[in-house]
Amino acid sequence: RVTIVEPGFVDTELQSHNAKNEIVMQATEKMRDQIGEVLKAEDIATAIVYALGQPQHVCVNEVLVRPTKQLR
């Protein structure tokens with residue numbers, strides 16, 4: 001079985017890697033302001049545990065996990 005996990009905006013240290021790129025930082029902050037509460041790593045982990053916990057005869061092909069207010 002194969003499952004594709006597609007996370008939306010997740011609050012991780014990845015954003016800090018762009019600290020020197022002002023354009024990326026501004027876009028990230030604007031998106032965060034529009035979305036409000038973003039996902040945590042635990043939210044993605046919960047989705048993965050769900051997919052893995054299905055019986056052998058069930059295949060969860062895709063899991064799209066986004067913050068409620070994230071449009072895309």
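Can you tell me which residues in region 57-72 are β-branched (V, I, T) and either part of a loop (DSSP other than H, G, I, E, B) or loosely packed, with under 10 Cβ neighbours inside 10 Å (or both)?
The answer is V58, V60, T68.
If you scan region 1-56, which residues turn out to be in contact (Cβ under 8 Å) with a residue 40 or more places away in the chain, closer than 19 Å to T68 by Cα and in a loop (DSSP other than H, G, I, E, B)?
Within region 1-56, G8, F9 meet the criteria.
If a residue has to be more than 30 Å from Q56 (Cβ to Cβ) and either more than 14 Å from the chain's Cα centre (by Cα) or modelled with pLDDT of 90 or more (or both) to count, how many in region 1-27 make the cut?
Adding up the residues that qualify gives 14.
So which residues in region 1-30 are in contact with a helix residue (DSSP H, G or I) (Cβ under 9 Å, 6 or more places away or on another chain) and of a type in the set (S, T, N, Q)?
T3, T12, Q15, N18, T28
The values are calculated or read from the model by the stated rules, or taken from the named source; none is laboratory data. Everything numeric in this text was worked out from a predicted model, so none of it was measured. With ideal geometry, Cβ positions are generated from the backbone for all residues, glycine too; neighbour counts draw on all protein chains shown.
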